[in-house]
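Here's the structure, in structure tokens; my notes come after.
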Amino acid sequence: MKKILSVVGARPNFMKMAPIHKQLLKHKSRVKHKIVHTGQHYDKKMSDVFFKELELPKPDIYLGVGSRSHAEQKAHIMMEFEKVVLKEKPDLVLVYGDINSTSAASIVCAKILNDKGAPIPVAHVESGLRSFDRTMPEEINRMITDTLADYLFVTEPAGIRNLKKEGIKDSKVFFTGNTMIDSLKFYLKKIGKSGILKELCVSEKNYTLVTMHRPSNVDSKENLNKTLSIFKSINKINPELDIVFPIHPRTIKMLEKFKLKSSFDEIKNLIITEPLGYIDFLKLVSEAKFILTDSGGIQEETTYLKVPCLTLRENTERPVTSEIGTNVICGLNEKLIISKIKEIESGKFKKGKIPKLWDGNAAERIVKIILKKV
Ligand code: UD1
């Protein structure tokens, strides 16, 4: 019996892993899949709700590292995960996306030799993405993880090009599609039934959904003021449009730190909510008139659902979403954002296409490859 560990830690990891877990269960006579949760996200609303809604079992191993500075957080993950690897002796470790837990686990595996005298093999799900912006903590995590991984599962063509340029051998790279879209497709029916619109008293295509949590946006008073100004302009363009803003713990802390919470509360039509679960959140995405976000994954989910997405960042590591999907990279450029909202309001916004292999079968392709390798 072979043993595979999946390491997850924060919200966007969970929906990337869920379809792989389901596929691996189909082969449970051959492989034992164990879930290791680092505890990077620990609030019920940032973690537990996703395990429940994605029908994942409780993590087999919980490291409980919590929030700290990046160096401390990674160091703690490494110290705790090293013990796990030494005890469990996995045949393969799966890591997901670009969070601190992802790169920390990869480093641990690279430094432990197995019975054959080789490092513990690592497979990276969502490999090859590059924003080329090294001020983003995620970019550093992506580069470290891809340098160390043995199997690199790529979601879009740019990923293959980036890895090639970095000198990674073709034989390690597999274009398998997007497991986040597997989850979305799998739960579409359930998402359709969510009562969140009623709960928030908003109606289909008559609200915009906002998410913001990147340090570059929310750790700066100047940028939070720019967001405030964008919200005021939205009120002016369409006074009927609600603005739904499920707020990340980091963002709420920063609004309080900069004493801006009351200014946001004064915005007409603004509905601030706590972080939402997977099903309710995607219901809100699917019925929104448009989305304003600095998330990575939401750029992909909106492209799949063909909902206009204005990305509040200067770059994207997911270029396919702006090249063929419904995404436009806007930064906090209010003029550009307003002109795009006017295009949306007048029905002139681009329609978008679904990228290749975003078909709900990425996890199946990945597991097929994994089973040949372990
Ligand atoms: C992390 C990921 C980011 C991902 C995001 C999704 C890294 C470098 N960043 O950023 O790529 O897009 O998750 O949310 O790994 N907090 C809580 N409760 C929680 C979790 C966090 O209150 O359950 C607060 C803590 O005060 C913490 C802050 O939020 O300091 C940020 O959390 P952290 O895990 O450091 O990074 P995220 O900003 O969530």
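The values are calculated or read from the model by the stated rules, or taken from the named source; none is laboratory data. The structure displayed is predicted, hence computed values, not measured ones. Glycine gets a Cβ as well: all are built from the backbone with ideal geometry, and neighbour counts include every protein chain shown.
The rows are residues; the columns are (1) touching a helix residue (DSSP H, G or I) at 6+ places or on another chain (Cβ under 6 Å); (2) touching a residue at least 24 places away in the same chain (Cβ under 8 Å); (3) surrounded by fewer than 19 Cβ atoms within 10 Å (Cβ to Cβ).
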| site | (1), (2), (3) |
| --- | --- |
| 154 | yes, yes, no |
| 158 | no, yes, yes |
| 167 | no, no, yes |
| 170 | no, no, yes |
| 185 | no, yes, yes |
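Here the stretch 189-198 is the region considered, the condition is being assigned to a helix (DSSP H, G or I) and touching a residue at least 24 places away in the same chain (Cβ under 8 Å), and the residue that is surrounded by the most Cβ atoms within 10 Å (Cβ to Cβ) is 191.
Do we find that residue 169 is away from the ligand (no atom under 16 Å from the Cβ) and either among the hydrophobic types (A, V, I, L, M, F, W, C) or closer than 14 Å to residue 283 by Cα (or both) in this structure?
Here the answer is no, as residue 169 does not meet what is asked.
Checking the structure you have, find out if any residue of the stretch 72-80 is more than 15 Å from the ligand (Cβ to nearest atom), among the acidic types (Asp, Glu) and at pLDDT 95 or above. Within the stretch 72-80, one or more residues are more than 15 Å from the ligand (Cβ to nearest atom), among the acidic types (Asp, Glu) and at pLDDT 95 or above. Do the conditions hold for residue 359, that is, is it modelled with pLDDT of 95 or more, acidic (Asp, Glu) and within 16 Å of the ligand (Cβ to nearest atom)? So residue 359 fails the test.
The single condition among (1) within 16 Å of the ligand (Cβ to nearest atom); (2) under 17 Å from the mean Cα position of the chain (by Cα) that residue 255 does not satisfy is (2).
Looking at the stretch 41-50, is at least one residue touching a residue at least 24 places away in the same chain (Cβ under 8 Å), among the β-branched types (Val, Ile, Thr) and more than 16 Å from the ligand (Cβ to nearest atom)? No.
In the set (1) on the phi > 0 side of the Ramachandran plot; (2) not assigned by TED's automatic domain parsing to the domain that holds residue 30, residue 184 fails one condition alone, (1).
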